[in-house]
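Asks: Input: one structure, supplied below.
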Amino acid sequence: MTARRVDLHVDTLSLLAERGGGLAPQREDFHVDAERCAVGRISLLGTAIFTIDGHDQPWEHCLSLLDARDRLHADPEEPFRVVAHPDDLESLPAGTSGMLTTIENGIALEGDVSRLESLHERGVRIFGLVWNGANELAQGCHEDSGEGLTSLGKEVVREAISLGWAIDISHLNPQGVRDLCDMGAVVIATHSNARKIHDHVGNVDDDVL
């Protein structure tokens, strides 16, 4: 497989849903646009479906961001296409960036595990249980009393594992990460780093690493 240049976490879909429009050729009010991806030779973007803690309609919000992604994918003038498998990435036309869809904050499910299958059908392949706070699945790095995954959180993770997804540990508290490892989940940190390098609560300490 060809070496790839990847950004695993961008919040561009939230901005597209909010402000409309596209990304080609330039979008000065965004951090990501077609021109910058071309200059940086970005092959793949982890396009996050981000839902803020406390959102009153998280599932509808999730669907609205997926719709924003699909509009971008369907526009022949936009050099971005949804990918859900390595073969999709290999077959992208030159100058096109893939969009790998991730969930940031499991409240999007509204407690309904069956919605994972629906998200899978729409190309989601990475799942983050939490954002900064605690929810019905797990605890985030800003609301951490040392608890691990809830029973519902473990049920969601088991289903995600069966679908072949990776679980994003960015924002998740340390005990939640340990629980994931005990469950045999494939884990990935899409937008966090080593706390020993930068002492931030969202970064991962050496013990967890």
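The values are calculated or read from the model by the stated rules, or taken from the named source; none is laboratory data. On a predicted model such as this, the values are computed, not experimentally measured, just so you know. Positions of Cβ are generated from backbone atoms using ideal geometry, with glycine treated the same way; all protein chains shown enter the neighbour counts.
Asks: I need the full set of residues from segment 10-45 which are touching a helix residue (DSSP H, G or I) at 6+ places or on another chain (Cβ under 7 Å) and assigned to a strand (DSSP E or B), in order please.
Replies: Of everything in segment 10-45, just one residue is touching a helix residue (DSSP H, G or I) at 6+ places or on another chain (Cβ under 7 Å) and assigned to a strand (DSSP E or B), namely 44.
Asks: Being under 24 Å from residue 165 (Cβ atoms), of a type outside the set (Asp, Glu) and without any contact (Cβ under 8 Å) to a residue 40 or more places away in the chain narrows it down to one residue among 4, 81, 36, 19; which is it? Let's see the steps before the verdict.
Replies: On the way: 4 fails: without any contact (Cβ under 8 Å) to a residue 40 or more places away in the chain; 36 fails: under 24 Å from residue 165 (Cβ atoms); 19 fails: under 24 Å from residue 165 (Cβ atoms).
Only one candidate passes the filter, namely 81.
Asks: Based on this model, can you work out whether residue 52 counts as β-branched (Val, Ile, Thr) and not in a loop (DSSP other than H, G, I, E, B)? Lay out the reasoning, then the answer.
Replies: Numbers: β-branched (Val, Ile, Thr): yes; not in a loop (DSSP other than H, G, I, E, B): no.
In short, no.
Asks: A follow-up question, please. Within segment 150-166, count every residue that is aliphatic (A, V, I, L, M) and under 21 Å from residue 55 (Cβ atoms).
Replies: Quick first cut of segment 150-166, residues aliphatic (A, V, I, L, M) only: 152, 156-157, 160-161, 163, 166.
Among the residues that remain, those that are also under 21 Å from residue 55 (Cβ atoms) are: 152, 156, 160.
Count: 3.
Asks: Among the residues of segment 87-119, write down those that are more than 30 Å from residue 152 (Cα to Cα) and not small (Gly, Ala, Ser). Spell out how you get there, then give the answer.
Replies: Step one: list which residues in segment 87-119 are more than 30 Å from residue 152 (Cα to Cα), which gives 87-98.
87, 88, 89, 90, 92, 93, 96 - these are the residues of segment 87-119 that are more than 30 Å from residue 152 (Cα to Cα) and not small (Gly, Ala, Ser).
Asks: Something else about it: Identify, please: which residue in segment 127-151 is surrounded by 22 or more Cβ atoms within 10 Å (Cβ to Cβ) and aliphatic (A, V, I, L, M) and is, among those, farthest from residue 108 (Cα to Cα)?
Replies: The residue in question is 149.
Asks: Out of 112, 168, 199, I need the residue that is surrounded by fewer than 14 Cβ atoms within 10 Å (Cβ to Cβ) and within 19 Å of the chain's Cα centre (by Cα). Which one? Break it down stepwise before answering.
Replies: Numbers: 168 fails: surrounded by fewer than 14 Cβ atoms within 10 Å (Cβ to Cβ); 199 fails: within 19 Å of the chain's Cα centre (by Cα).
None of the others qualify; the one that does is 112.
Listed here are the residues, each with its yes/no results for (1) part of a loop (DSSP other than H, G, I, E, B); (2) surrounded by fewer than 12 Cβ atoms within 10 Å (Cβ to Cβ); (3) over 18 Å from the mean Cα position of the chain (by Cα); (4) modelled with pLDDT of 95 or more.
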site: 2; (1), (2), (3), (4): yes, yes, yes, no
site: 8; (1), (2), (3), (4): no, no, no, yes
site: 47; (1), (2), (3), (4): no, no, no, yes
site: 77; (1), (2), (3), (4): yes, yes, yes, yes
site: 89; (1), (2), (3), (4): no, no, no, no
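Asks: Right, here's the next one. Select from segment 118-165 the residues that are among the basic types (Lys, Arg) and within 15 Å of residue 185 (Cβ to Cβ) and write down the one among them that is nearest to the chain's Cα centre (by Cα).
Replies: 125
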